[in-house]
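**Q** Let me give you the structure first, and then I'll get to my questions.
Read the figures in this text as sums done on the coordinates, not as results from a lab. These numbers come from a predicted model, not from an experiment. When we count neighbours, we look across all protein chains shown, and the Cβ atoms used for this are built from the backbone with ideal geometry, even at glycine.
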Amino acid sequence: MVRHPWLPNSPENIKKEMLQKIGVKDVEELFKDIPKEARVKDWEKLEIGVGRPLSEIEVRRYVDRLLDKNKVFKYPPPFLGGGAWPHYVPSVVRYIMMRGEFMTTYTPYQAEIAYGLMQALFEYQSLMAELLEMEVVNASMYDWASAAAEAFLMSFRINKERNKVLVPSTMNPFHKKVAETYLWPHGYKIETVKYDPETGLMDLEDLKKKLSDRKASAVYVENPSFLGFIEENARDIGEIAHDYKALFIMGVDPISLGVLEAPGRLGADIAVGEGQPLGLGLNYGGPYLGIFATKWNMKFVRQMPGRIMGLTTTKDGKQRAFAMVLQTREQHIRRERATSNICTNEALCAVAAGVYMALLGKEGFKKLGELIMYRSHYAAKKLNELPGVKAPLFKSTFFKEFTVNFDNTGKQYNYIHEKLLENGIHGGLYIKQYFPELGETALFCVTELHTKEDIDLLVDTLKEILEE
Amino acid sequence: MFRQARWDEPILFELGAPGRIGFLVPEVEEEIKRVVGEIKIPEKIKRSSPPNLPDLSEVEVLRHFVNLSQMSYGVDNGPVPLGSCTMKYNPKIAMELAFDPRITMLHPLQDERTVQGLLEIMYLLQKWLANIVGMDACTLHPAAGAHGELAGVLVIRKYHELKGQIDKKKEIIIPDSAHGTNPASSAMAGFKVVTIKSDERGNVDIDALKAAVSESTAGLMLTNPNTLGLFEENILEIAEIIHEVDGLLYYDGANLNGIMGYARPGDMGFDIAHINIHKTFSSPHGGGGPGAGPICVKDRIVDPEKGIKLSDLIPGPIVVYDEKEKKYKLKWPGKYSVGMLKAFFGNVIPLVWGFVYILAMGPQGLKEATEQAVINTNYFMKLMENVKGYDVIYGKGRFRKHETVISAKPMHDEVGVSAEDVAKGLLDAGFYAPTIYFPLIVPEALMIEFTDTETKENIEKYAARLKEISEIAYKNPEEPKTWPRNTSVGRVDAVKASHPRHVTPTWRVYRLRKEGRITALK
């Protein structure tokens, strides 16, 4: 017998009264249809928690002690990106996210009692639509990687006779791995397009060559790329893709869109991206927010995965209202013929990202983009001045991430990373396993959280390490 | 009496004034400007016109969203007895700990030595969940229940691939009472779906199953207790039938709250199970997510020569403990694994939430939670006995587990009041409505799950309201059509909402349509 604050009917007297009303003598009777062989033995002896219920006081102490074993890189924040980046979480974003009316509600199956949540999700879709300059945005996917994978699957539903997608060979390796998993059961292939070793940009001749068999359902680019540089030929790539009747899919970091062109204006048919920078925090990998958008064309919208909120009215036409729209694409109606199996998504993260976009406004996105670029370029410039260090490896303009090569320092990056850690600094991501041709290269990330002071500390510490 | 807020809250784009800012971006340091000079973005990729976002002050943004939140309703407000959703109370101690900066500020690619505390938590959670469902290994990687399903069905595909029999193993069998995600996940994993019917007791029809099973059967997906809230009495026989043709059994964990501490999928013959942390283990649903959908597997041998086990097939990364170094480490998917389903580890915040919940409950508390959920359901069923207008279609006279499905078919047939009308009548009384029109095999279905955290008093009030709705329906069948009245907005026009001429997924579409720049969606 357990009485617990989260179990209001657990006191013996209440339980007894309820069992009496049901007409059974004990609770066991309610479980008698479970065959003996399927019953669990010695449940209470299994290692589950600490083997007994704990009070809140004990729980806090237990978890707190474990969390103390983590090291938070606060000042300076980690110089790490690679698909998740340290960005500021405004207090208002976190405050709204914590509202119980949002946090503890379900998918808005009952529109009339979920009006506020639906408006907030509609506003997320609407703000994101402006940032992307695309007309239709869904209420979220799991993350960038899974959104890209679903975009590829969508392209095969539109271009039914085709069997491969073309992606840059600089594609984020985590995103690529996820896409491989999603495509594998259907026998679809991912083919990589070469990059120009000087600029990092997609090799357009190689792209045309690989499109010439007319087997590609889509061409995908990431902007900024995994290696940090800006894919300045995005519009040309889109046009080439369309010449060969392939879709053009763009993956974007939304925080760059105050300074970089919107995918809708670059000819993208589908835009995906990672909403994590929009006030969600790092969270050791999740929850994040998969952005998914397409243009105003039934051919595309009908094949789109995920939930979509729409503006409508009440039945009497008198009041504004919201409803989940175009649901015949979804699993609860279409079952095995649905466009995706997605049900639970990242709605609360979408609400939070909506709050973030509302706070920043058009001016905020531009200023923040500029600040990030100034800081990252300052860092690259300073690092590049260190003997033997080359930053960045590519000539193209970059956004917040850039490659730093240590080939001529006589030191391996692993050693440098170790030494930085000893000084309380977390350096960039070692990318040799993904891009062996780049040698002793790490991908560094600098955002609005990294001040000049932080960057100088990194540079000075590196200098000492390299001079040893 | 229940009254939800009815603020006349404009859409963000109708608020604000030019020049207002909601967030002050720090100035670029002078020294940085001097060193860097000018930032040059090539013209062809530079944003050509600023995004059409509103200019709002922080105050306006905050009030706007607080007002919207007051027009939303969650477990924190009152009962949410949505069937198959297990909307239990979301403990606040778990929220506080899950949002601790020692978690939210950790980068997923941070050096493993600097995240030992979190990895230990995840390692323990993997182990506890494996024990709860009676399996040998777990991955916390999938981000939601359906994501876990996809992971699980991909494991089935990989299993047959590695055994060299995927060419004939083309079908997944799914009962007609299953969640829509089951067939959708199977299709995403490249399988053909074979649907089998339920018998009168609400179980899988064994004859139908036997007729459906063949050498093409790759596996079976099953929820137990099923969506009718009934325990699948023939589960051991079902497992045998599927294993006989070397198919795998997949357990949809949506309804785990009905058997925890009493029976484990692993002991029933299931090979793979997913768990919804945001259902059974109390992390909140967030208005649709984020959730977390770990999957667990048995140590079934896939290839004895190469020593491949089912646990080598699961997606990841997962956490392992290195005995020699006394360190927790991430194990990234190896060559037999189905790979990755999202970038990085998993949805850590809901996972920590679940960890805290299990810690606070212990095995005794978890079992008690199941008992409470089951008592609540059957207590409710008792209160609903012989209430006019409602009926039970499947499994008459059987005890339910964590949830139940009643049908408003009599009321609908006799006076034209539908399940939807009943749902709106519940909203008016301050209850979240049941899941309606699901499972598909029950006409005018009302699927109700109180969970373990609802009070006896609320269950009684809910049943009384259902009775009252029926009385009104039979006296004045027109009245229910005018519901709801006490919510933020009246009955919504969902048909218009999806009409190609009216559909408005974003404000951008609203604006462009008004300006005559776009036509109907075609």
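**Q** Just in region A:221-290: which GluC sites (Glu not before Pro) are loop by DSSP and have at most 11 other Cβ atoms within 10 Å?
**A** none
**Q** Starting from the amide H of B:Ile308, placed 1.01 Å from N in the peptide plane, find each other amide H under 5 Å away whose residue is 5 or more places distant or on another chain.
**A** B:Val302, B:Asp303
**Q** Now a separate question. What nm distance separates the two modelled labels at A:Arg60 and A:Lys395, each placed 7 Å from Cα along Cα→Cβ?
**A** About 6.1 nm separates the two model spin labels.
**Q** Obtain the nm distance between the two label points defined at A:Thr328 and A:Lys411 by a simple spin-label model: each point lies 7 Å from its Cα along the Cα-to-C-beta direction.
**A** In this crude spin-label approximation the distance works out to 6.4 nm.
**Q** Whose amide H sits under 5 Å from the amide H of A:Phe322, counting only residues 5 or more places off or on another chain, with H placed in the peptide plane?
**A** A:Thr312
**Q** Here is a further query. Evaluate E = 1/(1 + (r/R0)^6) for B:His243 and B:Glu200, where r is the Cβ-Cβ distance and R0 equals 25 Å; express this FRET efficiency to the nearest 0.05.
**A** For R0 = 25 Å, the calculated efficiency reads 0.40.
**Q** Next question. Specify the longest stretch of chain B that does not include any exposed loop site, a site being one of the GluC sites (Glu not before Pro) with a non-H, G, I, E, B DSSP assignment and at most 11 other Cβ atoms within 10 Å.
**A** For GluC sites (Glu not before Pro) (loop position, at most 11 other Cβ atoms within 10 Å), the longest site-free span of chain B is B:39-199.
**Q** May I pose another question? Tell me, B:Thr506, B:Thr104 in order of fewest to most beta-carbon neighbours within 10 Å?
**A** Ascending Cβ contact count within 10 Å gives the list B:Thr104, B:Thr506.
**Q** Through the Karplus equation 6.51 cos²θ - 1.76 cosθ + 1.60, θ set to phi - 60°, convert the phi angles of region A:17-31 into ³J(HN,Hα) values in whole Hz; use x for Gly and Pro.
**A** 4, 5, 5, 4, 4, 5, x, 10, 8, 8, 5, 3, 4, 6, 10
**Q** Another question, if that's okay. Can you list residues from other chains, or at least 5 along the same chain, whose modelled amide H is less than 5 Å from the amide H of A:Ala218?
**A** Sorted by chain and number, the residues that satisfy this are A:Leu166, A:Leu247.
**Q** So which lysines pass the test for A:Lys367, namely a Cα distance under 18 Å, with those fewer than 8 places away in the same chain ruled out?
**A** Correct list for A:Lys367: A:Lys400, A:Lys452, B:Lys33, B:Lys40, B:Lys46.
**Q** Place a +1 charge on the Cβ of each Lys and Arg in chain B and a -1 charge on the Cβ of each Asp and Glu, then give the dipole magnitude about the Cα centre in debye, rounded to the nearest 20.
**A** Roughly 1300 debye for chain B.
**Q** If you don't mind, another one. Give a residue-ordered list of calculated ³J(HN,Hα) values for region A:451-457 (Karplus: 6.51 cos²θ - 1.76 cosθ + 1.60, θ = phi - 60°; whole Hz; x for Gly, Pro).
**A** Once θ is set to phi - 60°, the couplings for region A:451-457 become 7, 4, 4, 4, 5, 4, 4 Hz.
**Q** Starting from the Cα gyration tensor of chain B, multiply each eigenvalue by 5, take the square root, and state the resulting semi-axes largest first in whole Å.
**A** 38, 37, 24
**Q** Hey, another quick one. What is the gain in length, in nm to one decimal, between A:Tyr75 and A:Val50 on full extension, counting 0.36 nm per residue of separation less the C-alpha to C-alpha distance?
**A** 5.4 nm
**Q** Taking the beta-carbon count within 10 Å as an exposure proxy, list A:Met18, B:Met221 from fewest neighbours to most.
**A** If I rank by nearby Cβ atoms, fewest first, I get A:Met18, B:Met221.
**Q** Direction-averaged shadow area of the convex hull around the Cα atoms of the protein assembly as shown, nm²?
**A** Computed as one quarter of the Cα hull surface, the answer is 37.8 nm².
**Q** Around B:Ser84, with a cut-off of 11 angstrom between Cβ atoms, what is the net charge of the other residues, counting Lys and Arg +1 and Asp and Glu -1?
**A** -2
**Q** For the pair A:Asp243/A:Glu437, report the inter-label distance in nm, with labels modelled 7 Å from Cα in the Cβ direction.
**A** 2.3 nm
**Q** What pairs in A:Lys245/B:Lys342; A:Lys41/B:Lys306; A:Lys463/B:Lys327; B:Lys127/B:Lys326 have C-alpha atoms more than 22 Å from each other?
**A** Over 22 Å Cα-Cα: A:Lys245/B:Lys342; A:Lys41/B:Lys306; A:Lys463/B:Lys327.
**Q** Something else now. Alpha carbon centre of region B:310-353 versus region A:1-28: separation in Å?
**A** Taking the Cα centre of region A:1-28 as reference, the centre of region B:310-353 is 40 Å away.
**Q** Take the alpha carbon atoms of region A:214-266, find their center, do the same for region A:282-314, and report the distance between the two centers in whole angstrom.
**A** First find each Cα centre; the distance between them is then 19 Å.
**Q** Let me have the 222 nm mean residue ellipticity of chain B computed from DSSP H runs of 4+ only, each contributing -39500 (n - 2.57), with the sum over all residues rounded to the nearest 500.
**A** Working: 16 runs with 182 residues, N = 522.
After summing the helix terms and dividing by the residues of chain B, the value is -10500 deg cm²/dmol.
**Q** So which of A:Lys69/B:Lys88; B:Lys168/B:Lys197; B:Lys168/B:Lys309; A:Lys45/B:Lys396 end up more than 26 Å apart, counting from Cα to Cα? Show your work: numbers first, answer last.
**A** On the way: A:Lys69/B:Lys88 31 Å; B:Lys168/B:Lys197 24 Å; B:Lys168/B:Lys309 21 Å; A:Lys45/B:Lys396 36 Å.
Among A:Lys69/B:Lys88; B:Lys168/B:Lys197; B:Lys168/B:Lys309; A:Lys45/B:Lys396, the Cα-Cα distance tops 26 Å for A:Lys69/B:Lys88; A:Lys45/B:Lys396.
**Q** What number comes out for the charge environment of B:His274, summing +1 per Lys or Arg and -1 per Asp or Glu over other residues with Cβ under 10 Å away? The partial results should precede the final answer.
**A** Details: positive: none; negative: B:Glu149, B:Asp252.
Spelling it out: positives minus negatives among the neighbours equals -2.
**Q** So what J values fall out for region A:187-203 if you push phi through Karplus, 6.51 cos²θ - 1.76 cosθ + 1.60 with θ = phi - 60°, rounded to Hz, Gly and Pro as x?
**A** These are the phi-based 3J(HN,Hα) values: x, 6, 10, 10, 10, 9, 9, 4, 10, 6, x, 7, 9, x, 5, 4, 7 Hz.
**Q** Let me ask something additional. What trypsin sites (Lys or Arg not before Pro) does region B:1-98 have in DSSP loop regions with at most 13 other beta carbons within 10 Å?
**A** B:Arg3, B:Lys40
**Q** Let me ask something else. Can you give me the Cα centroid spacing of region A:80-147 and region B:167-227 in angstrom?
**A** About 34 Å separates the Cα centre of region A:80-147 from the one of region B:167-227.
**Q** Taking other Cβ within 10 Å of each residue's Cβ, how do B:Leu12, B:Leu383 sort, fewest first?
**A** Lowest count first: B:Leu383, B:Leu12.
**Q** Go ahead and run the numbers for FRET between A:Asn297 and A:Glu180, Cβ-Cβ distance against an R0 of 35 Å, rounding to 0.05.
**A** Computed FRET efficiency for A:Asn297 and A:Glu180 comes out at 0.80.
**Q** DSSP loop trypsin sites (Lys or Arg not before Pro) in region B:365-434 with at most 11 other Cβ atoms within 10 Å of their Cβ, which ones? The partial results should precede the final answer.
**A** On the way: sites: B:Lys367, B:Lys382, B:Lys388, B:Lys396, B:Arg398, B:Arg400, B:Lys401, B:Lys424; in loops: B:Lys388, B:Lys396, B:Arg398, B:Arg400, B:Lys401.
Hits after loop and neighbour filter: B:Lys396.
**Q** What number of lysine-lysine pairs in region B:407-522 show an alpha-carbon separation below 24 angstrom, given a sequence spacing of 8 or more or placement on distinct chains?
**A** 20
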